[in-house]
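Have a look at the structure below before the remarks.
The values are calculated or read from the model by the stated rules, or taken from the named source; none is laboratory data. Keep in mind that what you see is a predicted model, and the values were worked out from it rather than measured. Cβ atoms come from the backbone with ideal geometry, glycine included; neighbour counts cover every protein chain shown. In case anyone asks, the SASA skips ligands and DNA or RNA and just uses the protein heavy atoms, side chains included. Shrake-Rupley method; radii C 1.70, N 1.55, O 1.52, S 1.80 Å.
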Amino acid sequence: MALIGLDHWYTAISLAERFTAHPDVELVGIADPDADRLHEVLARGGVSGVSGSADEFLADDSIDLVASFVSTERNPAICVAAAQNGKHILSVKPLARTLDQATEIVQAVRDAGVTFLGAESRGRHSAHQQQLRTWIAEGRFGKLLTASYGMWATLPQGWPGSSDPGWFVDAERTPGGAWIDHSIYQLDQLRWLAGARVAKVSGTVANLKYGDLSVEDYGLALVEFDNGLLAQIEDTWTAVRGGGRTAMNIVGTDGAIAYDALTGRLSLAGDLQPFGGWVHRTPEAMHSGAIDELVATVRGKQDPISTVEDAWDNLAACEAFYQAAKTGTPVTPKRLPAS
């Protein structure tokens, strides 16, 4: 495989390390226009591969998979070219700035018959999400009624240790700011756990702390799903350094799930065994490298846990939110044509 782009370094650097360490993966090379940060990553202990150009890796017949972690506005061209060259794709989130660009990716992936995994869906492989999905599918919490997700984060860094947020706050390079930065993960998780589609979105955005940004530092959404589930999603960049926090609540007719990063505990309530009132426990692993699963998918040994259509739907829900925040009225997300 080859890694193209280090713009979304939060994921790209760890992936380079994981790919290098995996016995069934050869990291052929890394491409990035910034020579300094490229060589910094290549010099990290354990990271293999060589520097090269994106075009070089896209044309290399020996490469099975391309991981694209360029900034969002550059991603469609990389993904379309990868698909046209028969390469499977691990893509930055969101997959594009606009739905028209995302549709071009969908069509290229469909035409080529390659696998596409959006970065926001990698968490589906985590032991935590797998356990939640099993419990929900078993009906342990009854019919899901409401959910709330919150992530109060700090302003992103354009590179580790930098005070410059870089492309993350550039409205010409990304479809939004603080809200989409993390809500796209939460929307994907809820869609997957509930087995439902987003039916309607409303909400608001603001710049509460950083008034000079071209994107929001605060967003709050009310998301209605087609199975009746109502979810509140609040994401910000207003936290102070070291003061970030994540929280999740899912409430059903027969029980509830709660998680708060401040305690690191998963809390469960319900009449069905093994719960019986509130029980507090250490959650399963919250994150997943998903390298084994990615290898198995590329080799055709297991079905993809998500699709390019999932990535399109996630962006569509986010686009609907921003439109709703602008107009002050609820918006139904657009639907991707079947073909």
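A single member of ASN249, ASN207 is polar (S, T, N, Q), closer than 17 Å to LYS326 by Cα and touching a Phe, Trp or Tyr at 6+ places or on another chain (Cβ under 9 Å), and it is ASN207. In this structure, HIS280 qualifies as in a strand (DSSP E or B), of a type outside the set (Lys, Arg) and either modelled with pLDDT under 95 or loosely packed, with under 15 Cβ neighbours inside 10 Å (or both). Taken together, the residues in the range 242-277 that are modelled with pLDDT of 90 or more and within 17 Å of PHE141 (Cα to Cα) amount to 16. May I ask you to verify whether VAL106 is open to solvent by 20 Å² or more (accessible area, probe 1.4 Å), of a type in the set (A, V, I, L, M), over 20 Å from LEU15 (Cβ atoms) and out of contact with any Pro (no Cβ under 7 Å at 6 or more places or on another chain)? Here the answer is no, as VAL106 does not meet what is asked. Can you work out which of the residues in the range 195-214 that are farther than 20 Å from GLY328 by Cα and not basic (Lys, Arg) is most open to solvent (accessible area, probe 1.4 Å)? Taking the candidates together, the pick is ASP212.
Condition check ((1) touching a residue at least 40 places away in the same chain (Cβ under 8 Å); (2) aliphatic (A, V, I, L, M)) across all residues:
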site	(1), (2)
LEU145	yes, yes
LEU155	yes, yes
TRP159	yes, no
SER163	no, no
GLU172	yes, no
TRP179	yes, no
ARG191	yes, no
VAL201	yes, yes
ASN207	no, no
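The criterion of at least 3 residues that are in contact with a helix residue (DSSP H, G or I) (Cβ under 6 Å, 6 or more places away or on another chain) is met by the following helices (runs of 4 or more DSSP H) wholly inside the range 53-156: 75-84, 99-112, 127-137. Residues being over 30 Å from TRP278 (Cβ atoms), open to solvent by less than 20 Å² (accessible area, probe 1.4 Å) and in contact with a strand residue (DSSP E or B) (Cβ under 8 Å, 6 or more places away or on another chain) are represented in the range 168-177 by at least one member. Restricting attention to the range 293-312, the residues that are part of a helix (DSSP H, G or I), touching a residue at least 24 places away in the same chain (Cβ under 8 Å) and farther than 20 Å from LEU132 by Cβ total 8. Hey, among the residues in the range 1-42 that are among the hydrophobic types (A, V, I, L, M, F, W, C) and assigned to a loop (DSSP other than H, G, I, E, B), which one's nearest to THR154 (Cα to Cα)? Filtering first and then ranking leaves LEU6. Here is a check on your reading of the model: is GLU40 in contact (Cβ under 8 Å) with a residue 24 or more places away in the chain and among the charged types (D, E, K, R)? Answer is no for this residue.
With respect to (1) at negative phi; (2) open to solvent by 30 Å² or more (accessible area, probe 1.4 Å); (3) without any contact (Cβ under 8 Å) to a residue 40 or more places away in the chain, the lone exception for GLY86 is condition (1).
Of these, ARG191, ARG173, which one is out of contact with any Gly (no Cβ under 8 Å at 6 or more places or on another chain) and outside any loop (DSSP other than H, G, I, E, B)?
On the way: ARG173 fails: outside any loop (DSSP other than H, G, I, E, B).
The conditions single out ARG191.
Residue count for the range 80-103 satisfying the condition of being more than 12 Å from the chain's Cα centre (by Cα), charged (D, E, K, R) and either under 17 Å from LEU117 (Cβ atoms) or modelled with pLDDT under 95 (or both): 1. Give the residues of the range 219-277 that are among the polar types (S, T, N, Q), crowded, with 16+ Cβ neighbours inside 10 Å and in a loop (DSSP other than H, G, I, E, B), sorted by residue number. Scanning the range 219-277 gives a single hit, THR238.
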